[in-house]
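Please read the structure below before turning to the comments.
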Amino acid sequence: MTSKIPVSQRAAGIEYAIRDVVVPATELEKQGHRIIKLNIGDPLAYEGFPTPAHMVEAVESALRDQKNGYSPSYGVPELREAIASDEQKKPNGGWECSVDDVYVTAGVTEALQILFASFLEPGDKVLAPGPHYPPYMAYPPLFDGKVIEYRLKSEDGWKIDFDDLESKLDDRVKLLTVINPNNPTGGIASESDLIRLIEVASKAPLCTVLSDEIYDGYNFSDSHISTASLSETLPVITLNGVSKVFYAPGWRVGYMAFHDPEGRLSQVRDGVERLLRSRLCASTPAQYGFLAGLTGPRDWMDEYRQKLLEQRDYCVTRINDIDGMETETPDGAFYMFPKLTREKWAKDDKQFVLDLLHEEHVLLVHGSGFSREYGSGHVRLVFLPGTEILEEAFDRINRFMK
């Protein structure tokens, strides 16, 4: 008998809850069932949020002009300049970002892999909020690092539990992550909390703050502030891109921007640049599409934002009217993280998701997929679908709960 070739443990241990629940949903679709999908944060998966025409035209123009070759490994120069300018002009907290501080990547996920590879040695730690976006848990172990979750307080608008955070800080912490606005909760860290986070991180001698701001444009209370703008000495690396705010996730263009007032990251940046050169470049035509988004009109965002705001408020009302579920109103992103209040489901949120899927054909994501400790007893849903679809989804959820 021919023996099977084993998979590596690093690959076998990867979990990605958002897409893992798609597997049983796909089987139901093969059987002819229509699934209402509230599980994935892709604006293009729903009607009403197309990528703006001027950005699409810029990609088409780049293709026609044969801008199809390798771009510089750190990004198209004009795009890097536009990103630096955009960071300087952020409405709540611009900072002194130069073109040399910006590195363009194939989405934020590639930026994370490059940063973890550049920062981490065996036994080094990454502090990440719980709940969190799954790659923050999955990627560091690939580079021999450890992920330690710090608690976000579900009973207090998902604010940072600083007592918990400080108790987990030590000399092996290399990166302290803040996801702001947060995926999956939609919470936004206040200015005072970000200042305190920087103060706490400064106690670890080799710590850098990693500020994931990919949802910064989904800021319904106008309270989002760039973390880098608040730091006078501590290094802060900002992550952002075209996927969410500019409604082009499939283009896979993101960036990391280094705020390093005292030049402490020179060796890390050398490593980052070596890795960027070794993997060639992000998509060249798509970079020109992002450039058009940054330098072109943005009035279209007002219409999109208003639509999302109406859908958010509709979801909050419907969820809080369902016996067995409750939610806070998220201030940012396009997610909410309802709590399951019945003991049966609070102890097994994944079974809730699977039973709801099979009985009512509505797909959510189990909260424990975002943190076994701090996300359990919750579910994540996106409020990107139109009100008509959301109405049907909540009717089905309500029927299931009854």
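The values are calculated or read from the model by the stated rules, or taken from the named source; none is laboratory data. Keep in mind it's a predicted model, so treat the numbers as computed, not measured. Neighbour counts run over all protein chains shown; Cβ positions are idealised from the backbone, glycine included.
How many residues are surrounded by fewer than 24 Cβ atoms within 10 Å (Cβ to Cβ) and touching a Ser or Thr at 6+ places or on another chain (Cβ under 7 Å) when one looks only at region 179-193? Give the derivation first.
Kept after step one, since they are surrounded by fewer than 24 Cβ atoms within 10 Å (Cβ to Cβ), are these residues of region 179-193: 190-193.
Now narrow it down to the ones that are touching a Ser or Thr at 6+ places or on another chain (Cβ under 7 Å): 190.
So the count comes out to 1.
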With respect to S226, determine if the residue is touching a His at 6+ places or on another chain (Cβ under 7 Å) and surrounded by 18 or more Cβ atoms within 10 Å (Cβ to Cβ). no
Can we say K4 is charged (D, E, K, R), under 30 Å from V379 (Cα atoms) and exposed (fewer than 13 other Cβ atoms within 10 Å of the Cβ)? no
So Y314 ticks every box in (1) surrounded by fewer than 15 Cβ atoms within 10 Å (Cβ to Cβ); (2) closer than 21 Å to G48 by Cβ but one. Which box is left unticked? (1)
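More than 18 Å from Y215 (Cβ to Cβ) and among the charged types (D, E, K, R): which single residue out of E328, E273 fits that description? Steps first, answer last, please.
Working: E328 fails: more than 18 Å from Y215 (Cβ to Cβ).
Exactly one of E328, E273 is more than 18 Å from Y215 (Cβ to Cβ) and among the charged types (D, E, K, R), namely E273.
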Can you find even one residue in region 208-221 that is among the charged types (D, E, K, R), within 20 Å of the chain's Cα centre (by Cα), at pLDDT 95 or above and buried (at least 22 other Cβ atoms within 10 Å of the Cβ)? yes
Note down all Cβ pairs under 8 Å where the first residue falls in region 105-119 and is over 12 Å from P141 (Cα atoms), the second is among the acidic types (D, E) and not in a helix (DSSP H, G or I), and they're at least six residues apart or on different chains. V108/D212
From A17, A58, residue being surrounded by 11 or more Cβ atoms within 10 Å (Cβ to Cβ), hydrophobic (A, V, I, L, M, F, W, C) and modelled with pLDDT of 85 or more: A58
For region 292-303, enumerate the residues that are buried (at least 18 other Cβ atoms within 10 Å of the Cβ) and either of a type in the set (V, I, T) or assigned to a loop (DSSP other than H, G, I, E, B) (or both). none
